[in-house]
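This report refers to the structure that appears directly beneath it.
The values are calculated or read from the model by the stated rules, or taken from the named source; none is laboratory data. Predicted model only: the values in this text are computed from it and were never measured. No Cβ is skipped: glycine too gets one built from the backbone with ideal geometry, and neighbour counts run over all protein chains shown.
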Amino acid sequence: MSTAEIIPERPAPLAALPAVLSYAQRGRRMFPVHTTDADGHCSCRKADCDRAGKHPRTAHGLKDATTNAAMIQVWDRQYPGCNWAVATGPESQIFAVDIDPGGESALAAWEKEHGSDWLKTLHAETPRGQHFYFKYPEHLETDGFEIVNSTGELASGIDIRGKGGYVIVPPSHRHNGCYKWNGDGPDTPILAAPEWLLKLVIRPIATPKCAAPSVELAAGERIADGTRNDTLFRLGAAMRRHGATRDAIEAALQVVNAKQCDPPLSSEEVGGIAASEMRYDPEPDDWPDPQPIACDPVDPFTLNLLPESLRPLVSDIAERMQVPPDFPGAAVTVGLAGCVNRRALVQPKCMDTGWELPLNLWGAIVAVPGTLKSPLLSAVTQPLKVIENGWREENAQAMQRYELRDAEIKLRQEIWARGFKAGTLAPDETRPDSIQPPPQKRLLLTDCTSEKAHEMLTQNPGGLYMLRDEMIGFLATLDKAGREADRGFYLTSWSGCEGYAVDRIGRGQIWAPHVCLSLFGLIQPARLQHYMRDVIAGTAGPNNDGLFQRLQVLVCPDTNPGFTLVDRRPDANALATAQRIFSGLVELPHENPLRLHFDPNAQGFFDSWFVSLEREIRNPGDLPTALVAHLAKYRGLLPRLAALFELADRIAAGESFSAGQQAQITLAHTEQAASFCRYLRSHAQRIYGGMISPERDAARDLSEKLQHGKLPNPFTTRNLYRKCWSGMNTPELARHVLELLASLGWVRSVGETQSESWAINPKAVTQ
């Protein structure tokens, strides 16, 4: 199969999906594999396929295995009817004993010698035998051992699937039979393997057998001035790792120096390099595994977070554009709010009618350039553009009628003026009143000033939806001196409950009883890091008024490096449903808004959730101040989400609403909104945490350089900052980064303290 696979039109989702998702929830890393037809032909359609119905469907196979529910759902849609496999090894915390034909006698012998209790672990029947699952021992690899794949080594017909392996799981099927669980099914506990079995399957971690390192570089390659010391350091370090003595290292380096250094170093300096190689222990035995320098983990996006009526649209867009479902999920959610705004209000408390919230939201997608953020935003807002186009056509017809009526009135005014001058008017005859052109109904805003947005809100009191292609540029503009009025306008428009006046000489006062905006945009991580420094610091000034914290639907997911070409038509049914929902929302009457409140069960749930949130905000512990301010905005986030989800599903079901109507929010949509808040919180913790730490960014960059041998081993702090790499180009910055890496096991201080020498963890070096 090519790395880019064209996916045809798909049938209904595979019934195996719920089971596969349940495996992933247990921490099992899943991925799709091929299946066979009734004649045993593999779905890969290769005539010479020797693993029919058992090899991976994705481009990177086992490397794509994941517990991410959203990714599994995308695969389910891409490969309908596929089989599924679980990756074995330490990541999934399991290994498997595969009993094939011929292995029954060995299995019976083991059972006779060791009893049958060990066979009570989770096990499945396969078309050819059985799979027995056991726990992969914790800390096995830190002790220098592993369980690897083997075929027939223990006994004929018995295979082991451990690190780097996988097995097919129920309810997969092949032409010669199905995979199905025995006993209590997938709820059967996975037992620890007995000691006698572990002795048979564990192996010492193999170390590659390397030939004695050559001291020759590529033919004709010269070692130029400025790189001589580093190059000889690396050659000596390689020899040291292979067990060479100091004398052997020095002799080899002297040869390289004489033959290839241009110009050669002195013999004494080469001897010093060789001596320095002996100052650290090259063996990895006492080194920990280097810890990843990653952002805080985030919860995966699942379609269950969304109202049922909009899940097909989000899934379809994510699949066709090969983007994380978080992207269209966040955009669709804020799109709902942009259609409602002040057309509906939610009352979070049961009795307190003074707390009413319009259903507007602010949000953004954080992702690097090239991740199709802008095309995705265009696809998600397509139903809204259809609505606006319809309004423009209506306005064009109304303008034609207006122009005819206006021409008639102007003619009558002219006749009246002539009569007035001639004194022939009747005593009660008054001048005909002029008429105003019909206002243009609007929904979407892109690039406009705050004054223009305010003017448009006077004509569209239900609220507007603003899209910003570069959100940080927009926010940074509001930080500038002289833009305080603009910033105040947007802060007011987020609350959506207050009026706003603009006073200008010559134009008088322009008053909007309510200014209500929903806002959604795109953010590049690099620009966000720079902007957020003041937000995190909580420094005085415009950055400390909570404007950024109002971006509640803020997502920063991990992106999947894999790619599958999906070339098919958009899901017409999903688009039609979304169009019906958005069109129904914008037609809600804004003069007397719909009012929503929780039903009794939902009210009890919200009250409990609200109390927990307030207690955490008032006693935040170690939470960053800026994050606490962000979480404080969740007071209104959950009620808004619950109300939007309720409206979406009810309009999709054909329900309509009248002015001033009272509607209840169900417990199901309230719990769904709470789950969405938990999901958003994990992304907020990433954004307000390690993602925006320049020191962590520099450490991540240096770790990659260490992996690829960009510094000698050992090296000094001076070696590092003289490289002038970003974030570590001064002695102080370099020390901070190195101390962070040392805490994570990448380097350690060696030699005398004042020398500031650092040894690199051999486990981190990839070359």
Problem set entry | Yes/no for residue 513 being within 30 Å of residue 369 (Cα to Cα) and modelled with pLDDT under 85 | no
Exercise. For segment 261-275, what are the residues that are in a helix (DSSP H, G or I) and surrounded by fewer than 20 Cβ atoms within 10 Å (Cβ to Cβ)?
Worked result: 267, 268, 269, 271, 272, 275
For this session: Run residue 756 past the list (1) surrounded by 18 or more Cβ atoms within 10 Å (Cβ to Cβ); (2) more than 30 Å from residue 300 (Cα to Cα); (3) at pLDDT 85 or above and report the number of the one that doesn't hold.
Result: (3)
For this session: Among the residues of segment 89-130, write down those that are touching a residue at least 60 places away in the same chain (Cβ under 8 Å) and farther than 18 Å from residue 194 by Cβ.
Result: 89, 90, 91, 92
Problem set entry | In segment 65-112, residue surrounded by the most Cβ atoms within 10 Å (Cβ to Cβ) [restricted to those that are more than 40 Å from the chain's Cα centre (by Cα) and more than 23 Å from residue 175 (Cα to Cα)] | 110
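A quick yes/no check of all residues on (1) in a helix (DSSP H, G or I); (2) within 29 Å of residue 560 (Cα to Cα); (3) out of contact with any helix residue (DSSP H, G or I) (no Cβ under 8 Å at 6 or more places or on another chain):
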{"residue": "335", "(1), (2), (3)": "yes, yes, no"}
{"residue": "351", "(1), (2), (3)": "no, no, yes"}
{"residue": "400", "(1), (2), (3)": "yes, no, yes"}
{"residue": "420", "(1), (2), (3)": "yes, no, yes"}
Exercise. Inside segment 445-482, can you point out the residues that are part of a helix (DSSP H, G or I) and of a type in the set (Ser, Thr, Tyr)?
Worked result: 450, 458, 477
Problem set entry | Selection within segment 72-110 - closer than 23 Å to residue 27 by Cβ and touching a Pro at 6+ places or on another chain (Cβ under 8 Å) | 73, 74, 75, 76, 79, 82, 83, 84, 85
Exercise. Among the residues of segment 484-491, is any at pLDDT 80 or above, surrounded by fewer than 20 Cβ atoms within 10 Å (Cβ to Cβ), over 27 Å from the mean Cα position of the chain (by Cα) and among the acidic types (Asp, Glu)?
Worked result: yes
For this session: Determine if segment 348-368 includes at least one residue that is over 18 Å from the mean Cα position of the chain (by Cα), within 22 Å of residue 309 (Cβ to Cβ) and charged (D, E, K, R).
Result: no
Exercise. Can you tell me which of 462, 473 is under 23 Å from residue 386 (Cα atoms), assigned by TED's automatic domain parsing to the domain that holds residue 339 and either in contact (Cβ under 8 Å) with a residue 24 or more places away in the chain or buried (at least 17 other Cβ atoms within 10 Å of the Cβ) (or both)?
Worked result: 462
Exercise. How many residues, within segment 654-712, are closer than 30 Å to residue 585 by Cβ and not in a loop (DSSP other than H, G, I, E, B)?
Worked result: 23
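Among the residues of segment 698-742, which ones are on the phi > 0 side of the Ramachandran plot and either touching a residue at least 40 places away in the same chain (Cβ under 8 Å) or not assigned by TED's automatic domain parsing to the domain that holds residue 757 (or both)?
709
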For this session: Restrict the check to segment 277-290 and report whether at least one residue is at pLDDT 70 or above, in contact with a strand residue (DSSP E or B) (Cβ under 9 Å, 6 or more places away or on another chain), of a type in the set (Asp, Glu) and surrounded by fewer than 16 Cβ atoms within 10 Å (Cβ to Cβ).
Result: no
Exercise. If you go through segment 578-598, how many residues are out of contact with any helix residue (DSSP H, G or I) (no Cβ under 6 Å at 6 or more places or on another chain), in contact (Cβ under 8 Å) with a residue 60 or more places away in the chain and outside any helix (DSSP H, G or I)?
Worked result: 9
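Residue-wise test of (1) in contact with a Pro (Cβ under 7 Å, 6 or more places away or on another chain); (2) under 30 Å from residue 434 (Cβ atoms); (3) in the same structural domain as residue 591 (by TED's automatic domain parsing); (4) crowded, with 23+ Cβ neighbours inside 10 Å.
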site	(1), (2), (3), (4)
330	no, no, yes, yes
334	no, no, yes, yes
356	no, no, yes, no
362	no, no, yes, yes
369	no, no, yes, no
374	no, no, yes, no
403	no, yes, no, no
409	yes, yes, no, no
422	no, yes, no, no
For this session: Residues being loosely packed, with under 15 Cβ neighbours inside 10 Å and either outside the structural domain of residue 62 (by TED's automatic domain parsing) or not small (Gly, Ala, Ser) (or both): count how many of those fall in segment 146-172.
Result: 2
Exercise. So how many residues does segment 516-538 have that are at pLDDT below 70 and either surrounded by fewer than 11 Cβ atoms within 10 Å (Cβ to Cβ) or touching an Asp or Glu at 6+ places or on another chain (Cβ under 9 Å) (or both)?
Worked result: 1
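Filter segment 148-164 down to residues that are modelled with pLDDT under 90 and under 10 Å from residue 88 (Cα atoms), then give me how many there are.
First, pick out the residues of segment 148-164 that are modelled with pLDDT under 90: 148-157, 163-164.
From what is left, the residues that are under 10 Å from residue 88 (Cα atoms) are 148-149, 163-164.
Number satisfying all stated conditions: 4.
Would segment 314-324 turn up any residue that is of a type in the set (Asp, Glu) and in a helix (DSSP H, G or I)? Before you say what the answer is, go through the steps one by one.
Of the residues in segment 314-324, the ones of a type in the set (Asp, Glu) are 316, 319.
In the following step, the residues that additionally are in a helix (DSSP H, G or I) were identified as 316, 319.
Yes, segment 314-324 contains a residue that is of a type in the set (Asp, Glu) and in a helix (DSSP H, G or I).
Residue-wise test of (1) more than 26 Å from the chain's Cα centre (by Cα); (2) in the same structural domain as residue 344 (by TED's automatic domain parsing); (3) over 18 Å from residue 556 (Cβ atoms); (4) of a type in the set (S, T, N, Q).
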| site | (1), (2), (3), (4) |
| --- | --- |
| 599 | yes, yes, yes, no |
| 603 | yes, yes, yes, yes |
| 646 | no, yes, yes, no |
| 679 | no, yes, no, no |
Problem set entry | Every residue from segment 600-632 that is in contact with a strand residue (DSSP E or B) (Cβ under 9 Å, 6 or more places away or on another chain) and surrounded by 15 or more Cβ atoms within 10 Å (Cβ to Cβ) | 602, 603, 605, 606, 630
Exercise. Between residues in segment 340-354 that are in contact (Cβ under 8 Å) with a residue 40 or more places away in the chain and assigned by TED's automatic domain parsing to the domain that holds residue 647 and residues that are outside any strand (DSSP E or B) and of a type in the set (Asp, Glu), which pairs lie under 6 Å by C-beta distance while being six or more apart or on different chains?
Worked result: 345/356; 347/356
For this session: Select from segment 61-110 the residues that are assigned to a helix (DSSP H, G or I) and within 19 Å of residue 22 (Cβ to Cβ) and list them in ascending order.
Result: 69, 70, 71, 72, 73, 74, 75, 76, 77
